[in-house]
1. Which residue pairs have Cβ atoms under 8 Å apart, sit 6 or more places apart or on different chains, and have a first residue in the range 19-40 that is closer than 15 Å to Thr57 by Cβ and in contact (Cβ under 8 Å) with a residue 24 or more places away in the chain and a second that is part of a helix (DSSP H, G or I) and open to solvent by 80 Å² or more (accessible area, probe 1.4 Å)?
2. Can you run down the residue pairs with Cβ atoms below 6 Å, 6 or more apart or on separate chains, where the first is in the range 165-193 and among the hydroxyl-bearing types (Ser, Thr, Tyr) and the partner is surrounded by 15 or more Cβ atoms within 10 Å (Cβ to Cβ) and outside any strand (DSSP E or B)?
3. What is the number of the single condition among (1) assigned to a strand (DSSP E or B); (2) over 14 Å from the mean Cα position of the chain (by Cα) that Cys163 does not meet?
4. Residues of the range 36-60 being open to solvent by less than 40 Å² (accessible area, probe 1.4 Å) and within 12 Å of Asn2 (Cβ to Cβ), which ones?
5. Within the range 11-23, does at least one residue satisfy the condition of being over 17 Å from Val144 (Cα atoms), in a helix (DSSP H, G or I) and either open to solvent by less than 100 Å² (accessible area, probe 1.4 Å) or acidic (Asp, Glu) (or both)?
6. Of the residues Glu60, Glu99, Glu89, only one is of a type in the set (D, E, K, R), more than 20 Å from the chain's Cα centre (by Cα) and under 30 Å from Arg193 (Cα atoms); which?
Amino acid sequence: MNLRLDWVYKHPKRTARHQMISDYMSVNEALLLEEDLIKTGRSVHCQFFDEDDTSWTRKELLTFLKKMETEPHQVKAYVDGGYHKETSEAGLGMAIYYEQNGQKWRFRVNERIDGIEDNNEAEYAALAYVFTMFEHLGIHHQSVTIYTDSKTLYHQMSGEWPCYEETLIRWADRIENKAKQLGLNPTYSFIGRHLNKEADQLASQALEGIFIEGKKEQTKKG
């Protein structure tokens, strides 16, 4: 979860006051900024707001941070969809990295589905499956970063390109509804295929009938 801080700046020698709004930042950064502002004695009416414009108190944020220690956070996911034209099947592959209970984890899973029209739909189906896995892992109410090597998926889900295909629009609506339901704020990042080999291999294995699902603790070397 990212927050902005709204406060009123009070000049020490003048009566004028100014409404100030910060950029969005992490919860810890927002709490530290509030502390610094209070120390100056030049701010009043400090308020925290998340990206849904919901207000938070300091006490609520401290409780949130304590709870997050035992829940998955610092989430990033690599996703890829493979397509088999002759069978209209898609292989969905994803690797989700996160922290929980002071440890770093990797969760890998793949799936195969049919009734897919083309490679772009396969990429969307893989992204939808990522959000299903977020729910499975208990990932909610935070920002997540999703990496893809599909330019179409990246630009359309980032809002940079329009989407006209009805099939893809339905997938996008499904994804956005699930993100809203889970309280997730996804950021999409485009990467080259060489940086997405893990998800690509999982998608290919799904098309071959090789299914994988597992969680592994990440060591310092791994």
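The values are calculated or read from the model by the stated rules, or taken from the named source; none is laboratory data. Keep in mind that this is a model prediction, so the values were computed, not measured. Don't worry about glycine lacking a Cβ; one is built from the backbone with ideal geometry, like all the others, and counts go over all protein chains shown. The accessibility values were calculated without ligands, DNA or RNA, using every heavy atom of the protein model including side chains. Shrake-Rupley method; radii C 1.70, N 1.55, O 1.52, S 1.80 Å.
1. Leu31/Leu62
2. From the range 165-193, the pairs are Thr167/Glu121; Tyr188/Tyr154; Tyr188/Met157.
3. Single failed check for Cys163: (1).
4. Hits for the range 36-60 are Phe48, Phe49, Asp50.
5. No - not one qualifying residue is present in the range 11-23.
6. Glu89
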